[in-house]
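Step one of this worksheet: look at the structure below.
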Amino acid sequence: MTVTALAPLRGRRPFRLAAPPVSGVLRPRLVALCAGLLAAVFLLFCWGVTLGDYPIGFTDVVKALTGAGDPGTVLVVRELRLPRALVGLLVGTAFGISGALYQTMTRNPLASPDMIGLTEGAGTAVVAGIVLGWEGGLGTQGLGLLGALVTALLVYALAWKGGATGYRIILVGIGVSWMCTSATDYLVARGERFEAQAALGWLVGNLNGRTWDQVTQLAVAMAVLVPLALGMGRRLRILQLGDDVAAGLGTAVQPVRLALLLLGVGLVAFGTAAAGPVAFVALAAPQIAQRMAGTAWPPLVASGLTGALVVLGSDLIAREAVPGTELPVGIITGVIGAPVLLWLLIRANRAGSGG
């Protein structure tokens, strides 16, 4: 294998391999950022597992994750606490990557699954299953996927006018989002007390009581969807240049946009079904990652790691903020994400794109 070094660009190092014939651009800052985020995610992941009625030291947690250490500690860590931490990790990653897909595809930092109605659509379907008993053997994961998929197709169809542009997708998505929110509120008001409590606890976004069943289903879904999303990275960046330029470069704009929409739907649906619609993660994580990486678009891997960091960190705060009470993680992400949304709106208004 022969590596040919090309002239370095600002913050980028192009390279070309003679065998196999592969070329690309290495961004040292982005690589360093992903490494740092990965280390931070691991630390928060292990720290979260140490918390509980039976305190466990950080070193003992690391040993238990590898199957070593005291058998009682291994049992507590791997059977009781690990599912919660894994769901938080996977949900944050799914939401972060999904938000990066939509923000790059639409070329709008305000575009995210919870802004254009996908998480609300998944939530409406799951709440309907809880309150009305409409699961039909699908379970929470299946209902979430069905609700998000129907919502995405509805948004795409209503936004279609000789093609579906990012601007129309956002505007239509906001309207559909409020329709789904109203339907969910009606279902909660109609349900019995126990059903309403279960639905409300899930709607806030919650990691309490997560099990290995939810981990397995979410992990399998992400093992399929994440590589597909990363494989679409080149086409995603071409779309950022605008529809006319992308078409001139040989990209089938509408099929690629629909494929990206469906990939984002899958990530959002399975994440929402596992932990509920955790607010603002898909909106804030890609923007944070983009600014730390110094790129012109939200990088997918860094966005996923940032999303995981936000969810795991918020869960730690939720468990420690009020002694004796474990708050839903969605409350903390909402507190963190709301200022980010306001900042994005102010920035868009100053740039003349705020409407």
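The values are calculated or read from the model by the stated rules, or taken from the named source; none is laboratory data. None of these values were measured; they are calculated from a predicted model. Ideal geometry is used to build each Cβ from the backbone, glycine not excepted, and the neighbour counts take in all protein chains shown. When the accessible area is computed, the model is the full protein with side chains, heavy atoms only, and any ligands, DNA or RNA have been set aside. Shrake-Rupley method; radii C 1.70, N 1.55, O 1.52, S 1.80 Å.
Please find, within segment 158-216, the residue that is nearest to residue 256 (Cα to Cα) out of those that are open to solvent by 80 Å² or more (accessible area, probe 1.4 Å) and of a type in the set (Ser, Thr, Tyr).
Per the stated criteria, the residue is 167.
Would you check if residue 122 is under 16 Å from residue 204 (Cα atoms) and at pLDDT 80 or above?
The answer is yes for residue 122.
I'm told residue 220 meets every condition in (1) open to solvent by 70 Å² or more (accessible area, probe 1.4 Å); (2) within 22 Å of residue 129 (Cα to Cα) except one. Can you identify the failing condition by its number?
With respect to (1) open to solvent by 70 Å² or more (accessible area, probe 1.4 Å); (2) within 22 Å of residue 129 (Cα to Cα), residue 220 is out only on (2).
I want to confirm something. Restricting to segment 231-255 and keeping residues that are hydrophobic (A, V, I, L, M, F, W, C) and under 20 Å from the mean Cα position of the chain (by Cα), which single residue is surrounded by the fewest Cβ atoms within 10 Å (Cβ to Cβ)?
As a first pass, look at segment 231-255 and keep what is hydrophobic (A, V, I, L, M, F, W, C): 232, 236, 238-239, 241, 245-247, 249, 252-253.
Now restrict to residues that are under 20 Å from the mean Cα position of the chain (by Cα): 232, 236.
On the way: 232: 18, 236: 22.
Per the criteria, the residue is 232.
Going by the structure shown, is residue 40 among the small types (Gly, Ala, Ser) and farther than 30 Å from residue 183 by Cβ?
Judged against the criteria, residue 40 is a match.
Looking at 83, 28, can you tell me which residue is at pLDDT below 90 and not aliphatic (A, V, I, L, M)?
Unique residue meeting the criteria: 28.
I'd like to check something: does segment 103-125 contain any residue that is open to solvent by 10 Å² or more (accessible area, probe 1.4 Å), out of contact with any Phe, Trp or Tyr (no Cβ under 6 Å at 6 or more places or on another chain), of a type in the set (Gly, Ala, Ser) and more than 23 Å from residue 334 (Cα to Cα)?
No.
Select from segment 66-77 the residues that are surrounded by 11 or more Cβ atoms within 10 Å (Cβ to Cβ) and in contact with a helix residue (DSSP H, G or I) (Cβ under 7 Å, 6 or more places away or on another chain) and write down the one among them that is modelled with the lowest pLDDT.
The residue in question is 69.
For residue 271, are the conditions met, namely being in contact with a helix residue (DSSP H, G or I) (Cβ under 7 Å, 6 or more places away or on another chain), modelled with pLDDT under 80, under 26 Å from residue 122 (Cα atoms) and open to solvent by less than 10 Å² (accessible area, probe 1.4 Å)?
no
Of all the residues that make up segment 51-61, how many are more than 13 Å from residue 80 (Cα to Cα) and open to solvent by less than 50 Å² (accessible area, probe 1.4 Å)?
Residues meeting the conditions: 1.
Please list, ordered by first then second residue, the pairs with beta carbon atoms under 7 Å, 6 or more apart or interchain, first in segment 222-247 and under 28 Å from residue 92 (Cα atoms), second exposed (fewer than 13 other Cβ atoms within 10 Å of the Cβ).
238/249
Could you tell me which of the residues 310, 281, 265 is open to solvent by less than 40 Å² (accessible area, probe 1.4 Å), of a type in the set (Val, Ile, Thr) and over 30 Å from residue 29 (Cβ atoms)?
None of the others qualify; the one that does is 265.
Determine the pairs where a residue that is of a type in the set (Phe, Trp, Tyr), located within segment 144-162, has a partner that is open to solvent by less than 10 Å² (accessible area, probe 1.4 Å) with Cβ atoms under 6 Å apart, the partner being 6 or more residues away or on another chain.
Listed pairs, sorted by first residue: 156/164.
Looking at (1) closer than 24 Å to residue 147 by Cα; (2) in a helix (DSSP H, G or I), which one does residue 338 not meet, given that it meets all the others?
For residue 338, the failing item is (1).
Mind checking which residues of segment 274-288 are in a helix (DSSP H, G or I) and either at pLDDT below 85 or not hydrophobic (A, V, I, L, M, F, W, C) (or both)? Don't jump to the end; show me each part of the working.
Within segment 274-288, the first condition is being in a helix (DSSP H, G or I), and the residues that meet it are 274-275, 281-288.
Hits for segment 274-288 are 286, 287.
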